[in-house]
Amino acid sequence: MKTTVVTDGIFRLSANVDDILFESIWPIPNGVSMNSYIVKGKKAAIVDGVCDWDGVPETLYEQLEQMKIDINDIDYVIMNHLEPDHSGWFRSFLELKPDVTVVASAKGADLVKYFYEYEGPVQTVKTGDTLDLGDGRVLLFAEIPNVHWPETIATYDQKSKTLMPCDAFGSFGSVGEKMYDDQLEPSDFDFYEVEAERYYANIVGPFSVFVERAIAALADIEIDIIAPGHGIVWRKDPGKIINDYIRYASYAKGPAKTDVTVLYSSMYGMSEMGVKPVVEGLESEGVKVHTHKIPETDWSYALASVWQSSGVVVCTPTYEYKMFPPMAALLEEVGRKKALNRKAFRFGSFGWSGGAQKELDEIMERNRLGWDFLEPVEFRGKPRQEHLDLIRQRGKELAIEVKRWVNETA
Ligand code: FEO
């Protein structure tokens, strides 16, 4: 990958990875990019970095060579965020340039010692602090805690009005030759939007309150370019990704889209017999339906689907007097991600005593999810026609509820 010019005096270095689980959890079949930026005045700073996976730091060093930048000429490493997908390379960088000055928040400065046993010079910054690189290039810092970790800051170049916010405004999806929004075709935007929605739901979603606070805190800064730590750089229309993130954050409390996600599990096909009628009921009201079989569908996609849906159907049987375990685990994760206040409906089969409904109620309570459920439909063994008819009817009722909620708040 080649180094590119973001704007006068700011250069983008990047590495894609695609053969890993991101955070050792989330599949990234379309990869993810990790972006660093060199900002040059009289002095030079590197803002963020890359992971330490095989060959990735070396990619960064090759790109520095392309720019004819000697590592010894880098005066500052600005660590907006310490998660090792951005900071992992620092260990190898230290071997090349042990006397660099780290710039980070106070919490970041603390963590860099624990992650990298770093005892060198650190300049701690807080909101409103600046760093003068010379030649009229002054960097301004803003704390944006919990977007994505407590220590996170954003770095803003006042000269070019470029914001480098690390995880904020990022997305999954590798970046190729076209890495700026002014180079993308409509189909590219569609690709990155899907990747950004899943990235948001998987990584940033639980911190949506902090995303809203960060966007409010940055509102007084004039932003011409957004250069995030993942994904494409926005320099034609940075407002698009800001508005997208405002929308994604709003999905936490709902309503989200006029969509319904059907999460279904079935051990021997009896619970699953209700999926077709519930989808028919939902679609009879014109809502968009997304079905995900659990555990066959990876959590990442099921979570992203729930995040964007105002309604959720949970189809799950009882298993050992409780809920079918993969569905229970998924719903616990939905709880941790704080996808609140959905319109919902649950149905499923039991053989002996039941128990899935009780565990569902416990998960909802424990995670304070606030989902508003229609009356469940449970059946012993195979559903009879009256159960299937009732499930279809509940699907229709749920779709009506979802549409009413979305329209009320539009
Ligand atoms: Fe891309 Fe929270 O690290």
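The figures follow:
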quantity: Hits in region 325-338 (condition: more than 16 Å from ASP298 (Cα to Cα) and either among the hydrophobic types (A, V, I, L, M, F, W, C) or open to solvent by less than 10 Å² (accessible area, probe 1.4 Å) (or both)); calculated: GLY335
quantity: Per-region count, region 85-135, residues in a strand (DSSP E or B) and within 16 Å of the ligand (Cβ to nearest atom); calculated: 1
quantity: So ALA15, is it surrounded by 18 or more Cβ atoms within 10 Å (Cβ to Cβ), more than 17 Å from GLY229 (Cα to Cα) and aliphatic (A, V, I, L, M); calculated: no
quantity: In region 62-84, residue nearest to the ligand (Cβ to nearest atom) [restricted to those that are open to solvent by 10 Å² or more (accessible area, probe 1.4 Å) and in a helix (DSSP H, G or I)]; calculated: PRO84
quantity: Selected residue (criterion: nearest to the chain's Cα centre (by Cα)) from residues of region 85-110 that are open to solvent by 50 Å² or more (accessible area, probe 1.4 Å) and more than 24 Å from ILE28 (Cβ to Cβ); calculated: LYS107
quantity: From the options SER349, SER353, residue that is part of a loop (DSSP other than H, G, I, E, B) and not charged (D, E, K, R); calculated: SER353
quantity: Residue list for region 149-177, restricted to those being open to solvent by less than 10 Å² (accessible area, probe 1.4 Å) and not in a loop (DSSP other than H, G, I, E, B); calculated: ILE153, ALA154, THR155, ASP157, THR162, LEU163, MET164, GLY173
quantity: Test for SER14: is it in a helix (DSSP H, G or I) and either within 13 Å of the ligand (Cβ to nearest atom) or out of contact with any Asp or Glu (no Cβ under 6 Å at 6 or more places or on another chain) (or both); calculated: no
quantity: Complete set of residues in region 185-232 that are not acidic (Asp, Glu) and not in a helix (DSSP H, G or I); calculated: LEU218, ALA219, ILE221, ILE223, ILE225, ILE226, ALA227, PRO228, GLY229, HIS230, GLY231, ILE232
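For (1) over 20 Å from the mean Cα position of the chain (by Cα); (2) within 16 Å of the ligand (Cβ to nearest atom), each residue gets a yes or a no:
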site	(1), (2)
PHE169	no, yes
ASP190	no, no
GLU195	no, yes
ASN202	no, yes
VAL209	no, no
ASP220	yes, no
ASP259	no, no
VAL262	yes, no
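The values are calculated or read from the model by the stated rules, or taken from the named source; none is laboratory data. Everything quoted here is computed from the prediction, not taken from an experiment. Methodologically, a virtual Cβ is constructed for each residue, glycine included, from the backbone with ideal geometry; neighbour enumeration extends over all protein chains shown. When the accessible area is computed, the model is the full protein with side chains, heavy atoms only, and any ligands, DNA or RNA have been set aside. Shrake-Rupley method; radii C 1.70, N 1.55, O 1.52, S 1.80 Å.
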